[in-house]
Ligand code: C2O
Ligand code: CU
């Protein structure tokens with residue numbers, strides 16, 4: 001029924017409701033008056049929603065508070081977030097606050113930092129928001145299925161002095177594998193997905209719906225926060241007729257710059273903040289295309305200008321540079337150096353690996369649903385043995401080696417890292433990330449100060465690769 005690895009069907013995009021999409025922002029919740037703590041409750045539960053839209057059945061999803069994506073959690077840098085999560089799903093869950101430097105016990109990794117939240121029970125997360133930026137939350141238990149059924153939401157931390165824009169909008173990009181009746185295909189964790197590019201879907205949504213269009217007013221300036229919440233799909237967005245500027249990567253400010261080749265590339269779990277000036281005339285219409293996979297280009301939606309007179313005659317003349325977050329600068333000369341090599345997958349040369357302390361052939365691994373390794377070890381979801389320990393407070397360089405034929409978005413928990421080299425060449429922007437999209441055979445060096453004690457996951461954010469063993473733990477002690 002579904003075509004693996006295909007572009008989302010043009011047909012399903014065309015049948016989407018034609019209504020203009022107004023600001024995607026969801027209403028802000030009241031802030032707690034005292035002590036800068038924002039209290040929220042999130043209920044993870046099944047829901048039935050019109051993902052595909054008019055003329056199609058609704059889809060049974062798993063949701064936070066009945067919506068997909070989950071409610072926008074928005075607060076200000078320096079505030080404290082206290083979230084009670086109630087699990088009404090048919091299986092245990094947790095929440096991971098992706099990209100947020102939380103204390104280890106709040107990191108949401110079952111078997112490592114907490115017990116999974118059993119159905120019918122709650123767990124309360126509480127932590128300070130040290131950094132401003134665009135983050136997101138999602139389960140970290142049976143992630144392929146739980147994220148693939150719709151569980152994720154945006155977490156926005158506003159700067160104390162944000163850049164001036166007319167609108168601040170989040171686009172959560174989702175990728176679903178739907179059957180013809182719009183139900184979610186339940187072939188989670190199949191070995192084909194594990195061994196190839198992961199669970200690529202056939203239906204791409206923006207904020208939980210197939211979108212025909214996004215309304216713009218001539219002259220306005222948008223801050224567009226892109227979040228890739230897909231299990232496996234990499235996006236390469238082209239904004240025809242526009243000149244978006246990247247101002248933050250994974251929530252961390254960078255010098256404003258145009259994307260390479262005018263294409264905004266976003267691996268799973270990555271976020272990119274753009275400044276988008278609506279420089280065309282009232283009534284104009286432009287396409288936003290996704291051109292990442294060659295030969296599988298499709299139109300994500302149209303930017304549709306209203307007929308109102310322009311808000312201003314020329315683009316807003318205001319600075320776009322955000323103030324840096326308080327991240328400790330790694331001392332490269334004094335840094336510990338560790339290597340992390342990734343291998344496995346189809347078209348790889350891996351013959352076997354260590355699984356739970358035992359050497360297994362590739363065939364035996366695959367019978368257990370495993371096909372990837374970090375430093376020769378394939379981790380099951382419950383493995384917690386650290387690859388290595390970094391001294392607390394030490395600077396560290398990780399030399400990452402992608403010895404596979406596939407792309408991998410590599411995510412480190414608890415820390416942000418500077419990307420200092422790629423394939424041996426120093427990076428121009430030395431960007432801070434929490435998830436690095438590595439191309440096949442690519443090498444990269446990243447550096448950070450190990451200032452957050454605990455056991456932290458490092459894993460591929462193609463959730464089927466993670467489940468297939470591409471996951472490990474780094475101890476900071
Ligand atoms: Cu976004 Cu370990 O996860
Ligand atoms: Cu991967």
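Computed values, structure above
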quantity	calculated
Residue that is away from ligand 1 (no atom under 12 Å from the Cβ) and modelled with pLDDT under 95, where the choices are 383, 395	383
Subset tally (residues that are in contact with a strand residue (DSSP E or B) (Cβ under 7 Å, 6 or more places away or on another chain) and within 13 Å of ligand 2 (Cβ to nearest atom)) for the stretch 454-475	12
Residue in the stretch 291-301 that is outside the structural domain of residue 220 (by TED's automatic domain parsing) and not in a strand (DSSP E or B) present	no
Filtered residue count, the stretch 411-431, keeping only those that are over 14 Å from residue 397 (Cβ atoms), in a strand (DSSP E or B) and within 12 Å of ligand 1 (Cβ to nearest atom)	1
Number of the exception - residue 366 against (1) closer than 18 Å to residue 460 by Cβ; (2) surrounded by 14 or more Cβ atoms within 10 Å (Cβ to Cβ); (3) in contact with a strand residue (DSSP E or B) (Cβ under 9 Å, 6 or more places away or on another chain)	(3)
Selection status of residue 264, crowded, with 17+ Cβ neighbours inside 10 Å and free of Cβ contacts under 8 Å to residues at least 60 places away in the same chain	yes
Filter result for residue 389 (modelled with pLDDT of 95 or more, over 23 Å from the mean Cα position of the chain (by Cα) and either within 16 Å of ligand 2 (Cβ to nearest atom) or more than 29 Å from residue 201 (Cβ to Cβ) (or both))	yes
Condition met for residue 409 (touching a helix residue (DSSP H, G or I) at 6+ places or on another chain (Cβ under 8 Å) and within 29 Å of residue 329 (Cα to Cα))	no
Tally of residues being surrounded by 24 or more Cβ atoms within 10 Å (Cβ to Cβ), within 16 Å of ligand 1 (Cβ to nearest atom) and in a loop (DSSP other than H, G, I, E, B) across the stretch 432-477	6
Selection status of residue 120, surrounded by fewer than 21 Cβ atoms within 10 Å (Cβ to Cβ), touching a helix residue (DSSP H, G or I) at 6+ places or on another chain (Cβ under 8 Å) and either at pLDDT below 95 or not in a strand (DSSP E or B) (or both)	no
Residues within the stretch 431-453 that are at negative phi and within 16 Å of ligand 2 (Cβ to nearest atom), tallied	11
Hey, residue 346 within 16 Å of ligand 2 (Cβ to nearest atom), within 25 Å of the chain's Cα centre (by Cα), in a loop (DSSP other than H, G, I, E, B) and surrounded by 12 or more Cβ atoms within 10 Å (Cβ to Cβ) or not	yes
Residue match in the stretch 362-373 (condition: within 28 Å of residue 104 (Cα to Cα) and within 16 Å of ligand 1 (Cβ to nearest atom))	yes
So residue 85, is it more than 15 Å from ligand 1 (Cβ to nearest atom), over 20 Å from residue 450 (Cβ atoms) and crowded, with 22+ Cβ neighbours inside 10 Å	yes
So residue 313, is it away from ligand 2 (no atom under 16 Å from the Cβ) and not in a loop (DSSP other than H, G, I, E, B)	no
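Here's the yes/no breakdown for (1) at negative phi; (2) away from ligand 2 (no atom under 16 Å from the Cβ); (3) over 19 Å from the mean Cα position of the chain (by Cα):
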{"residue": "109", "(1), (2), (3)": "yes, yes, no"}
{"residue": "122", "(1), (2), (3)": "yes, yes, yes"}
{"residue": "137", "(1), (2), (3)": "yes, yes, no"}
{"residue": "158", "(1), (2), (3)": "yes, yes, no"}
{"residue": "163", "(1), (2), (3)": "yes, yes, yes"}
{"residue": "175", "(1), (2), (3)": "yes, no, no"}
{"residue": "179", "(1), (2), (3)": "yes, yes, yes"}
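The values are calculated or read from the model by the stated rules, or taken from the named source; none is laboratory data. All values reported here derive from a predicted model rather than from experimental measurement. Every residue, glycine as well, gets a Cβ built from its backbone with ideal geometry; the counts of neighbours run over all protein chains shown.
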